[in-house]
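A.B. asks: Let me begin by handing over the structure; questions about it come next.
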Amino acid sequence: MRFGILVLLKILLVTFLPHVTESVAVMSVDLGSEFMKIAIVKPGIPMEIVLNKESRRKTPLVVSIKGDDRQFGEMALQQSIKNPKTAYVYLTQILGKSLDNPDIQSYIARYPFYNIKEDPVTKTIYFQHDENLKFTPEELLAMILEYARELAADFAEQAVDAAVLTVPPYFNQAERKAVLRAAEIANIKVLQLINTNIAAGLNYGVFRRKDFNSTGSNLMFFDMGGSGTTVTIATFLMVKNKDDYEANPQLTVRGVGFARGLGGQEFTLRLAKHLAKLFNEKNKRDVYKNPKAIMKIYKEAERVKNILSANTETMAQIENVMDDIDFKVKVSRSEFEDLCSDLFERIEKTVQDAVKSAELVELTDLTSVVLVGASTRIPRVQAELLKATKKSDLGKFLNTDEAPALGAVYQAAYQSKGYKVKKFYIKDVNTYPICVDFEKYVAPGEEKDPENNSIRRVLFDKLNPFPQKKVMTFSRHVEDFGFSVNYGDLSFLSQDYVKTLGSLNLSQVQLHGVKDIYEKHLNEETKGIKVHFRLDDSGILRLDKIDIVFEKQNAEPTTEESTLSKLGNKISSFFSNGKSEETTEEEKGKDDDTENKENVNSETTTPETTTEQTTTPTPKTNSTNETATNSTESTTTAKNETQIKSQILRENINFDYVELDLIPVDKKSIEESRKILSDIKEKEKAKRKRAAAVNALEAYIFDLKDKLHQDEFVKCSTTEEREKISAKVEEVDNWLSDADNSVETKEFQEKLNELKSSCKDVTYRINEKKLRPKKLDELKDVLNKSTEFLSFARNLTGEDLPLTETEFNSLDKLINSTKEWRVKMLNEQAKVADNEQPKLLSTDISDKIDELKREVSYLSSKIKYFRPKKKPSTEEKNKKNTTSKDKEETDKKESENQESTTTEAPDQQEAESTGEENETTTEANQTESTNNPEL
């Protein structure tokens, strides 16, 4: 009975919790290397791809900056041919990297016309745009993200400030931080960074919820994009967590294999080198010395590659490659495949890497192989994939271009507080292992062993699920010390690939005040120094806090617990999931570990350090110098007649946290970057306003020049006026021809006003001449209708009429006076020439029309709502007469001498009765008027 009541209370609590809603839309941006795809969710529109200004569903990831003119998308892509140095492409490949990184060197080799330098502070690259301007890749990406938000806001017709961004699963810590930095510069709230393979899997799963069961089905997602290939083995199954009322689908990544550089861009480059070689041999030129020629060949190679996906051969042709030389050559699919044969061979190895990392899942266990990414359209890629997976066909269920964007926007709706979506759990995995390195503690008097002094402990291993928290305990250190966080064992990667990761040292941590804290707690037992790490849902490592845990025990007399107290504790334990609210961090970790047994205690425990794992979220802390605070937690144990009470004391430790892979920038630097973008936007706005003013002035000059020779303008103007206007037009036209960029927008607007003022009188006459006939016809029509109305009203008959004679005469007088005014003004206007100021104005005619309409409307309403007085019926009259006679006889008996009074009584009673009837009629009229919908 008690359990049933508690369950009912819990259900009621859940039922009456309000659901917070917001009207602001959220978006996702799939950041590819060549294109970006944008999707939105807004009230009433679930998961829709945003169309750009050219009404296309994907937008080139390019930004062009030339002077104060900035362009995006297709327009920027065109500028990359005309002015390659000012158009920036493939920005996601160079985020968070130093100048000596192999990826940056390859980028410089492909685009030698960029002036790329290294920032001495952040150790990352930037583009020297001109003498005064320089842009980091993060700032350029921020511009593109701003443009994406503008497209989404226009499409959604409301503000969009929050987004989920996709990144490749092989992005390391520095690259992920760089994407977040770009979003911060663009003032976009990032709900989450989601890996493209997870986003595509989410898009696959949300529409197939009914196809999954508790057993699970294994699928392989083969994603070949512009700059890399990812092979993901994932399991879809139905799970029921402790807070769920029903089972929900879950996507669990089992294994991942990837090949950075194996993508559409590399295929294009192979074909471009082939075309460049043929051109150079035939024309004895070097296209690589001409930036425009390079971009033209790249563009044509991309076009030919796409055509060969559907045709066996095609013609590559480029007009004016350089020095007015055209180029044309036939290219076959077999020729293209020979150029990229080594790339196709890498597909099988990538598939094998994924299967090997999945361990429990074999190729025979795969239900299907699903294609993702535009480069999977290449026939040879599909053939190699069928060979590697030993399948007879491939799953082409998804839109290869849009699947990640649609899956990411579903996650955006889930992460946003403004939408309530069905649960779909995702368990992503860490790509690169992360470990902690520190020096072994040497107690006073002990000798230091230089060979075995360094200790490494794995924090998050390869394929470790995230988001997840882990606590590392240092049990022997009693003085200030430091440790470093680095990438772990990368032997599964090639040496060349490891070099592209950049710094393998992620961060350096130094603790302060450890000895002082220990001296404050000499009488308590220490539980060690706890370092709280977190791998968040974006796959980025965070250090939340560092504290020291002490345990203090006190003996107290035992008291018998009352029945009421026991019942209260039982109810309290129900609402706290059967635990005390003061559960320690370690206990939380143990509880959560029981749910993920495959990941529990994966790190080896040593006397020096222990690592605890938990998925329970903790408050985010970015400060590196936290104020020391104490928190007390207690447990009790009954023993004979005494109670041993344990107190858990925590002291936060101040520490310095230095990031080494991507040097962080302060708020001032972020604001400076924002100011750069803001200044560019203000200049663009001013330029658009100036262009609009120039266009308006040019259009008015052209129109006025044409009107000077039109018959209507000649008739309504004098020769002198036309000469003055012509002279003014010529003067302003000459001024406009000489105007340069130094002329402000206000001056163009002033010149336009001067031109309009010079022909104001003529324009007024022309407009009056056009409007006058229309207004006169309207006046004539109103006069006719007013006369008909007056005739109708006068023909109304009856004892009780709605209008008085005075009202009839007033309308009649107004009609006659208007007719007289009309005839008089027409005669006067007939004497006025077209090039003179008119006597009969359209505004005066409108006033007469309005005056007639008001009067007729008033009288018409009075007739419409008029109700005549109700007359008494014959029965009512007879009844009144009978009553009067009876009253008269009674009065005669009482007072025979009061004849006058008796005589007046019937008339008075009849008058009173009539008054009651009139009063009833009035109330009826009022009721009818109230119910009339026209009132």
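The values are calculated or read from the model by the stated rules, or taken from the named source; none is laboratory data. Nothing here was measured: the structure is a model prediction, and the numbers come from that model. With ideal geometry, Cβ positions are generated from the backbone for all residues, glycine too; neighbour counts draw on all protein chains shown.
A.B. asks: In the range 525-548, is there at least one residue being within 22 Å of Val658 (Cβ to Cβ), of a type in the set (Ser, Thr, Tyr) and either in contact with a Ser or Thr (Cβ under 8 Å, 6 or more places away or on another chain) or not in a strand (DSSP E or B) (or both)?
C.D. replies: Of the range 525-548, the ones within 22 Å of Val658 (Cβ to Cβ) are 529-536, 538-548.
Checking the rest, the ones that are also of a type in the set (Ser, Thr, Tyr) come to 538.
If we keep only those that are either in contact with a Ser or Thr (Cβ under 8 Å, 6 or more places away or on another chain) or not in a strand (DSSP E or B) (or both) too, we end up with 538.
There is at least one residue in the range 525-548 that is within 22 Å of Val658 (Cβ to Cβ), of a type in the set (Ser, Thr, Tyr) and either in contact with a Ser or Thr (Cβ under 8 Å, 6 or more places away or on another chain) or not in a strand (DSSP E or B) (or both).
A.B. asks: Turning to a different aspect of this structure: Kindly list, by first and then second residue, each pair from a residue in the range 76-98 that is without any contact (Cβ under 8 Å) to a residue 24 or more places away in the chain and assigned by TED's automatic domain parsing to the domain that holds His129 to a residue that is part of a helix (DSSP H, G or I) and among the hydroxyl-bearing types (Ser, Thr, Tyr), limited to pairs with Cβ atoms under 9 Å and residues at least 6 apart or on different chains.
C.D. replies: Going by the 9 Å Cβ cut-off, the qualifying pairs are Gln79/Thr86.
A.B. asks: Also, quick follow-up: Could you count how many residues in the range 359-408 are more than 30 Å from Pro46 (Cα to Cα) and assigned to a loop (DSSP other than H, G, I, E, B)? Spell out how you get there, then give the answer.
C.D. replies: Initially, the range 359-408 is screened for residues more than 30 Å from Pro46 (Cα to Cα), giving 359-366, 378-393.
Pick out the ones that are also assigned to a loop (DSSP other than H, G, I, E, B) and you get 359-362, 378, 390-393.
Number of matching residues: 9.
A.B. asks: Restricted to the range 172-190, and to residues that are in contact (Cβ under 8 Å) with a residue 40 or more places away in the chain and not in a helix (DSSP H, G or I), which residue is surrounded by the fewest Cβ atoms within 10 Å (Cβ to Cβ)? Let's see the steps before the verdict.
C.D. replies: Going residue by residue through the range 172-190, those that are in contact (Cβ under 8 Å) with a residue 40 or more places away in the chain are 172-188, 190.
Remaining after also requiring not in a helix (DSSP H, G or I): 172, 186-188, 190.
Values: Asn172: 22, Ala186: 23, Asn187: 15, Ile188: 22, Val190: 20.
Only one residue tops the list, namely Asn187.
A.B. asks: Working only within the range 331-349, note down all residues that are under 17 Å from Thr376 (Cα atoms) and in contact with a helix residue (DSSP H, G or I) (Cβ under 8 Å, 6 or more places away or on another chain).
C.D. replies: Of everything in the range 331-349, those that are under 17 Å from Thr376 (Cα atoms) and in contact with a helix residue (DSSP H, G or I) (Cβ under 8 Å, 6 or more places away or on another chain) turn out to be Arg333, Phe336, Glu337, Cys340, Leu343, Phe344, Glu345, Ile347, Glu348.
A.B. asks: Another one. Got a sec? Which helices (runs of 4 or more DSSP H) wholly within the range 801-917 have at least 2 residues that are among the basic types (Lys, Arg) and at pLDDT 90 or above?
C.D. replies: 805-830, 842-864
A.B. asks: Would you call Gln411 of a type outside the set (A, V, I, L, M), part of a helix (DSSP H, G or I), within 20 Å of Phe212 (Cβ to Cβ) and out of contact with any Cys (no Cβ under 9 Å at 6 or more places or on another chain)? Explain how you work it out, then say what you get.
C.D. replies: On the way: of a type outside the set (A, V, I, L, M): yes; part of a helix (DSSP H, G or I): yes; within 20 Å of Phe212 (Cβ to Cβ): yes; out of contact with any Cys (no Cβ under 9 Å at 6 or more places or on another chain): yes.
Judged against the criteria, Gln411 is a match.
A.B. asks: Which of the helices (runs of 4 or more DSSP H) found entirely inside the range 223-339 contain at least 2 residues meeting this: over 40 Å from the mean Cα position of the chain (by Cα)? If you could, list the steps in order and put the result at the bottom.
C.D. replies: Working: elements: 264-283, 291-308, 333-339.
In the range 223-339, 264-283, 333-339 are the helices (runs of 4 or more DSSP H) which contain 2 or more residues that are over 40 Å from the mean Cα position of the chain (by Cα).
A.B. asks: Do we have any residue at all in the range 767-787 that's of a type outside the set (Asp, Glu), touching a Phe, Trp or Tyr at 6+ places or on another chain (Cβ under 8 Å) and closer than 22 Å to Thr843 by Cβ? Write out each step before concluding.
C.D. replies: Filtering the range 767-787 for residues of a type outside the set (Asp, Glu) gives 767, 769-776, 779-780, 782-787.
Now narrow it down to the ones that are touching a Phe, Trp or Tyr at 6+ places or on another chain (Cβ under 8 Å): none.
No: the range 767-787 contains no residue that is of a type outside the set (Asp, Glu), touching a Phe, Trp or Tyr at 6+ places or on another chain (Cβ under 8 Å) and closer than 22 Å to Thr843 by Cβ.
A.B. asks: Next question, about the same structure. Would you be able to say whether some residue in the range 36-46 is of a type outside the set (A, V, I, L, M), under 26 Å from Lys299 (Cβ atoms), surrounded by 15 or more Cβ atoms within 10 Å (Cβ to Cβ) and out of contact with any Lys or Arg (no Cβ under 8 Å at 6 or more places or on another chain)?
C.D. replies: Keep residues of the range 36-46 that are of a type outside the set (A, V, I, L, M), which gives 37, 42-44, 46.
Add one more test, that the residue is under 26 Å from Lys299 (Cβ atoms), and what stays is 37.
Next, from what is left, pick out any that are surrounded by 15 or more Cβ atoms within 10 Å (Cβ to Cβ): 37.
Next cut, out of contact with any Lys or Arg (no Cβ under 8 Å at 6 or more places or on another chain) only: none.
No, there is no match, as no residue in the range 36-46 is of a type outside the set (A, V, I, L, M), under 26 Å from Lys299 (Cβ atoms), surrounded by 15 or more Cβ atoms within 10 Å (Cβ to Cβ) and out of contact with any Lys or Arg (no Cβ under 8 Å at 6 or more places or on another chain).
A.B. asks: For the range 153-169, how many residues are surrounded by fewer than 21 Cβ atoms within 10 Å (Cβ to Cβ) and either touching a Phe, Trp or Tyr at 6+ places or on another chain (Cβ under 6 Å) or not in a strand (DSSP E or B) (or both)?
C.D. replies: Matching residues across the range 153-169 total 6.
A.B. asks: Something else: Would you please name the residue that is surrounded by the fewest Cβ atoms within 10 Å (Cβ to Cβ), looking only at residues in the range 130-139 that are touching a strand residue (DSSP E or B) at 6+ places or on another chain (Cβ under 6 Å) and either touching a residue at least 40 places away in the same chain (Cβ under 8 Å) or of a type in the set (A, V, I, L, M) (or both)?
C.D. replies: Within the range 130-139, the subset touching a strand residue (DSSP E or B) at 6+ places or on another chain (Cβ under 6 Å) is 134-136.
Next, from what is left, pick out any that are either touching a residue at least 40 places away in the same chain (Cβ under 8 Å) or of a type in the set (A, V, I, L, M) (or both): 135-136.
Values: Phe135: 22, Thr136: 25.
Of everything passing the filter in the range 130-139, Phe135 is surrounded by the fewest Cβ atoms within 10 Å (Cβ to Cβ).
A.B. asks: Right, here's the next one. Out of (1) of a type outside the set (S, T, N, Q); (2) touching an Asp or Glu at 6+ places or on another chain (Cβ under 8 Å); (3) surrounded by 14 or more Cβ atoms within 10 Å (Cβ to Cβ), the odd one out for Arg456 is which?
C.D. replies: Every condition holds for Arg456 apart from (3).
A.B. asks: Consider the range 53-79. How many of its residues are farther than 21 Å from Val29 by Cβ, in a helix (DSSP H, G or I) and touching a helix residue (DSSP H, G or I) at 6+ places or on another chain (Cβ under 8 Å)? Outline the logic, then answer.
C.D. replies: Narrowing the range 53-79 to residues farther than 21 Å from Val29 by Cβ: 66-69, 78-79.
Okay, now just the ones that are also in a helix (DSSP H, G or I), so 78-79.
Keeping just the survivors that are touching a helix residue (DSSP H, G or I) at 6+ places or on another chain (Cβ under 8 Å) gives 79.
Residues in the range 53-79 being farther than 21 Å from Val29 by Cβ, in a helix (DSSP H, G or I) and touching a helix residue (DSSP H, G or I) at 6+ places or on another chain (Cβ under 8 Å): 1 in total.
A.B. asks: Take the residues of the range 642-680 that are farther than 28 Å from Gly502 by Cα and free of Cβ contacts under 8 Å to residues at least 60 places away in the same chain: which is nearest to the chain's Cα centre (by Cα)?
C.D. replies: Per the stated criteria, the residue is Ser678.
A.B. asks: Just checking: which of the strands (runs of 3 or more DSSP E) contained wholly in the range 448-512 hold 2 or more residues that are among the basic types (Lys, Arg)? Reasoning before the result, please.
C.D. replies: On the way: elements: 454-460, 468-474, 482-487, 505-512.
Because the criterion is at least 2 residues that are among the basic types (Lys, Arg), the strands (runs of 3 or more DSSP E) in the range 448-512 that meet it are 454-460, 468-474.
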